[in-house]
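As structure tokens, the structure follows; a few thoughts come after it.
Laboratory data are not the source of any read-out in this text; all were calculated from the coordinates shown. Just so it is clear, the structure is predicted and the values come from calculations on it, not from any experiment. Every residue, glycine as well, gets a Cβ built from its backbone with ideal geometry; the counts of neighbours run over all protein chains shown.
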Amino acid sequence: MLIRRAPRFTSNDITDRTVYLNRREWMAGAAALVLMPGESAASAPQGQALKATRNEAQSLQETPTKFEAATTYNNFYEFGVNKEDPARLAGTLKPRPWAVQVDGLVHKPKTYDIDELLRLAPLEERVYSLRCVEGWSMVLPWIGSPLAALLRRVEPTGKARYVEFTTLLDASQFPAQRPSFFGFSLEWPYVEGLRLDEALHPLTLLTVGMYGQVLPNQNGAPVRIVVPWKYGFKSAKSVVRIRLVADQPKTSWNRSAPQEYGFYSNVNPAVSHPRWSQATERRIGEFRRRPTLPFNGYGDQVASLYAGMDLGKSY
Amino acid sequence: MSRRARLALKIAVWAACLGPLARLVFRAATGDLTANPISFVTNTLGDWTLRILLASLAMTPLRIVFGVAWPITLRRLLGLFAFFYVGLHFAVWLVLDHFFDWRQMGADIVKRPYITVGMLALLSLIPLAATSTTRMVRRLGAKTWTRLHRLAYAAGVLGCLHFLWLAKVGRRDQYWHALALALLLGVRLASLAVRGARKRRQRGAAPAAVA
């Protein structure tokens, strides 16, 4: 029997949702409530509370980053390359209705509605550290269930060795996916991937919420992956397809700059990004840099996945 | 241009150059420096260093293209403001970002090309700032001084490279800055070529190299 405990951060750490939701979203949310009273509680607009049980064993004993920082300082290139773009522009993303197609080398392919994913396994709250490849980090109280629970349901075949995640492709919801004639960006849709054993690892979270509520749009609503021992870009956002495959997926950043972003991209202070050192990081909200830990501090749990591999080469 | 107009122009340049800093100070006072203030302040100071440096490099081309002399009176002021901003940019990196972690900074300067060229750009601006006074111009002699101050072009190129190499995929403003620099240098090259051709014509009778 799990006992629900109060979160470690106080209500002072949390910005009221009316402050961060921009006016348009807020009005759309209000309109949705008025116009669609018959919908299930789970279909309420974003900002809705999400109940979860804190998984203490898998949670850092650190104060989470301020909610406002976590929702206004984002890398989500589908909205734009600047950190403030996602918070400003994410109102165009419609996180409901939403479905995730799970297929490929599986015995039971299935398209899951977002509400089914929410009920798939008991929702847990886990406080993870997120280390961005750019040299900053946050402490985030995610809500989700182990990705393994979903993967086991579809029964991967013996040939499945990798899992590929695809983000929604829709320029009407993701303004930066519109073709531009000057400058180059990533190829859309955004694709990320993990080795099957990485995807099945108990730390890998199929994430539907954070800070006690459903995922804000700018954080990858309505469902994203969180892989805490890898750089943040490995954790695909707004996922519409999860495909089990035999060969290593061609992931977006790796395709765009293979020398800079490897397939594995495990947090590793000993392997520099070609243009900057990864030895230290700035925890958002802190003044001094702190040393970056191998596997972002999750080495005890995940280092064995890479036994015998040269992580300098397989970066 | 009248004395009064020149004064007004200088005041306008002072205001324009201090504006970005005032804005930063205001944002700092109101707690509006984003979730990553040190990174935001570093980037903003770097942006304005490059913009003001490019503005200072635009003065001579302005004179060439429009045939007016007044831009030259602003060149020193703009150059010194660029130096002022790069000094702040560097100080933030040194103190706030790395807090005097000399080992880490030294390694970055040697290993990270964008930091290497940024540091070279900063170094190349120091002799220019040091010899910016009228007295130094006299002491060095106009010819030496002019030659020394061609370092400003190097600073412009290094500054643009610094931006090009640090910018991540998907950003565009680094290209605009490099394009502006290319345009400014292009005007000078074109003017040099025109002057060279004119000189050769004036020598006129002298037989040209076998065509």
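Applying a threshold of 8 Å to beta carbon distances and a minimum spacing of six or more residues, or different chains, the list of pairs starting in the stretch A:250-268 at a residue that is within 14 Å of chain B (Cβ to nearest Cβ) and ending at one that is surrounded by fewer than 14 Cβ atoms within 10 Å (Cβ to Cβ) and not in a loop (DSSP other than H, G, I, E, B) is empty.
Let's see how each residue does on (1) crowded, with 20+ Cβ neighbours inside 10 Å; (2) closer than 19 Å to residue B:159 by Cβ:
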{"site": "B:46", "(1), (2)": "yes, yes"}
{"site": "B:57", "(1), (2)": "yes, yes"}
{"site": "B:65", "(1), (2)": "no, no"}
{"site": "B:73", "(1), (2)": "no, no"}
{"site": "B:77", "(1), (2)": "no, yes"}
{"site": "B:80", "(1), (2)": "no, yes"}
{"site": "B:83", "(1), (2)": "yes, yes"}
{"site": "B:98", "(1), (2)": "no, no"}
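Which residue pairs have Cβ atoms closer than 7 Å, lie 6 or more positions apart in sequence or on different chains, and pair a first residue in the stretch A:62-73 that is more than 8 Å from chain B (Cβ to nearest Cβ) and over 14 Å from residue A:86 (Cβ atoms) with a second residue that is in a helix (DSSP H, G or I) and not polar (S, T, N, Q)? Partner pairs satisfying both residue conditions: A:64/A:13; A:67/A:13.
Where helices (runs of 4 or more DSSP H) fall entirely within the stretch A:84-186, those with at least 2 residues that are touching a residue at least 40 places away in the same chain (Cβ under 8 Å) and within 14 Å of another protein chain (Cβ to nearest Cβ) are at A:85-89.
Residues in the stretch B:151-182 that are free of Cβ contacts under 8 Å to residues at least 24 places away in the same chain and closer than 19 Å to residue B:61 by Cα: 4 in all. Only one of the numbered conditions (1) surrounded by 14 or more Cβ atoms within 10 Å (Cβ to Cβ); (2) more than 16 Å from residue A:228 (Cα to Cα) is violated by residue A:309, and that is (1).
Restricting to the stretch A:92-149, and then to whatever is among the small types (Gly, Ala, Ser) and within 17 Å of residue A:239 (Cβ to Cβ), can you tell me which residue is surrounded by the most Cβ atoms within 10 Å (Cβ to Cβ)?
So the residue we want is A:144.
Only residues that are under 22 Å from the mean Cα position of the chain (by Cα) and within 14 Å of another protein chain (Cβ to nearest Cβ) were counted across the stretch A:285-303, and they come to 2.
Return the total of residues in the stretch A:59-71 being of a type outside the set (Phe, Trp, Tyr), part of a helix (DSSP H, G or I) and surrounded by 19 or more Cβ atoms within 10 Å (Cβ to Cβ). Counting residues in the stretch A:59-71 that are of a type outside the set (Phe, Trp, Tyr), part of a helix (DSSP H, G or I) and surrounded by 19 or more Cβ atoms within 10 Å (Cβ to Cβ) gives 2.
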